[in-house]
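Reviewing the structure listed below.
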Amino acid sequence: MKNWSLSQKVLAAGLLPTAICAFGLAFVYGALRDNFETNLWVSHTNEVLAEANGLMGAALAAQSGERGYVIAADESFLAGFDQASADFTERAARLRALLADNEAQLHRLANVQAAFNTWLRVVAQPVVAARRAHPQGVAEEASLKAIKDGTSQTLLDRFVKHFEDFERVERVLLKDRKRRSEQRKAQARAMALFAAGFAVLAAVGVAGGLSRSIRRSLTSLRDAADAVAGGDLDARAVVTGQDMVASVASRFNEMAQRLAAREHDAQLISRLTEMLIASHDSIEAAGIISSMLEQIFPNTAGGLYVADASKAWMEPIASWNLHNDIVRPFDVSACWALRRGRAHSGQDNPGALGCQHVEPQVKDYVCVPLVAHGEALSIVHMRPLGDGFGLTGQRQHLLDLAQTVAEQIAMALSNLQLRERLRAQSVRDPLTGLFNRRYLQETFERELSRAKRENRSVGLAVLDVDHFKRFNDSFGHQAGDVVLREVAQALIKGLRKEDVACRFGGEEMVLVLPGASSEDTRLRADALRMSIRDLQVSFEGQMLGRVTASFGVVAFPLHGATVETLMSQADAALYTAKNVGRDQVCVAPSPA
């Protein structure tokens, strides 16, 4: 070394600290990459817990429906029981798919399902069958006894115990994954400090004659590594000159930039998932998807498409940076991603292998299918705003990111559609499509409270199809169902958007008209009466004859201030309309 030139000595003195620093940076990069993957597992655990909460909700809804039906013999409770039981099975299947990598939790989930199914087999289904066979009298007491004898509660307690065990383990797993994420950050921070600090000390001790610019570069590199390890992914080392330290600093900056981009993507995906889980309906979800995908893929234009009811056409529900005339429906067979069930790239499949729903002049694009429960009935379509998606590595990163986003959106949309179906089934009469009795009670109470605050009126009309028994006796119950559906459609067409039409029971229906006075309600009821009388109803090619209805009309606050009072007054007015010849609208007399 005695005969080495000064530059060779400086180079030799810099090799050790540079190697240590490079090793430390590689460790930091690996730790932060592991932390990114751990964050994805945290998101996965949150999704499992959300699905588990839905599972418990379905079980409670099934218990409520079973007890309600046994006590009240109301078919709407039975429908809620059946739907909640089916929802429990669907959610359990989704949980099994999410827990495919966790045998212990799958075993606990199996215990939860077994406990619920035992309750169904031993208590719920026999009691419901007994109540349905004997809706009155002694059978009712027997049904009530089956609930009160303790067997039902014992089985439900067993279900709750298994569920709490499952949820406890999942929350411990969530806590552990968060802890491991923090440990990785701490390890990266410690290694960065050790490597950079040792490198600086070695440089000072071994090569005391190194220039100030090299020491400044090492210090900058150390500070940047410390900041990145501490979570500041925007920190960068100062690059000066063209020596080895500057080269390492440049590589470090490139690594930090990639990590920052990954962390940014992970945060946006997590936010997208949380907002979709909290969204109320598909319209709100579409707006969230448009806004978030524009942030996740800032240099692209694209759209989200879902299948229509026939599953033959794809309808656009969200888009970003695309003109309206580009976002249009297309046939399912026009997209190779849907036909193949996996991502399809226009650049990799030019000409005849390109998607037919994309304009011929568009050469670079990707279509990523959204797969939920084994079906690919949605896609994310993207195209670059510039010349292309970039180099091979950048393009692959975009495809991987798009696949991750597609999986999150697919699961969220599937859950949202299920919630919407359950919500509709819980408040709608399955025969007529009108709201049911339970929804009437909740809505009428709410409208009365609002009317009292705003000092305005609310109209109420109760109607009954005249001689309805005649349709059933003469043409059969299916013909009677046709009459009820036609009358319901006439009501829906004749009401305002804010009005509420409900099937109260049998052939009796109730209308709630917010803001309508007694006279307004009478005029609306009379118009509806005439539209019902004009119906031409047929069944199996046979005309059923004229359909008429009688109406009883009241209004808040003229005829009362409570739901019970107003319903009683409207019923009395309806009976009056029946007694004076039917096909009438009768307004209840004003109280003295």
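Descriptive notes on the structure:
- Against the test of being among the basic types (Lys, Arg) and under 42 Å from the mean Cα position of the chain (by Cα), the options 533, 524 yield a single qualifying residue, 524.
- Hits in segment 540-592 - residues which are in contact (Cβ under 8 Å) with a residue 12 or more places away in the chain, assigned to a strand (DSSP E or B) and open to solvent by 40 Å² or more (accessible area, probe 1.4 Å): 542, 587
- Residue 94 satisfies every condition listed in (1) open to solvent by less than 40 Å² (accessible area, probe 1.4 Å); (2) touching a helix residue (DSSP H, G or I) at 6+ places or on another chain (Cβ under 8 Å); (3) closer than 18 Å to residue 164 by Cα except (3).
- Test for residue 485: is it crowded, with 20+ Cβ neighbours inside 10 Å, modelled with pLDDT of 90 or more and of a type in the set (Lys, Arg): no
- Restricting attention to segment 488-530, the residues that are among the small types (Gly, Ala, Ser), surrounded by fewer than 22 Cβ atoms within 10 Å (Cβ to Cβ) and on the phi < 0 side of the Ramachandran plot add up to 6.
- Test: residue in segment 99-107 that is within 24 Å of the chain's Cα centre (by Cα), closer than 17 Å to residue 163 by Cβ and in a helix (DSSP H, G or I): yes
- Residue list for segment 435-466, restricted to those being part of a loop (DSSP other than H, G, I, E, B) and within 23 Å of residue 588 (Cβ to Cβ): 455, 456, 457, 466
- Filtering 277, 269 for residues that are touching a residue at least 40 places away in the same chain (Cβ under 8 Å), out of contact with any strand residue (DSSP E or B) (no Cβ under 8 Å at 6 or more places or on another chain) and crowded, with 19+ Cβ neighbours inside 10 Å leaves a single hit, 269.
- Matching option when the condition is within 27 Å of residue 411 (Cα to Cα), open to solvent by less than 30 Å² (accessible area, probe 1.4 Å), over 24 Å from the mean Cα position of the chain (by Cα) and not β-branched (Val, Ile, Thr), among 81, 116: 116
The values are calculated or read from the model by the stated rules, or taken from the named source; none is laboratory data. All values derive from a computational prediction rather than experimental measurement. Using ideal geometry, Cβ is built from the backbone for each residue, glycine included, and neighbour counts are taken over all protein chains shown. Surface areas here come from the heavy atoms of the whole protein model, side chains and all, with no ligands, DNA or RNA. Shrake-Rupley method; radii C 1.70, N 1.55, O 1.52, S 1.80 Å.
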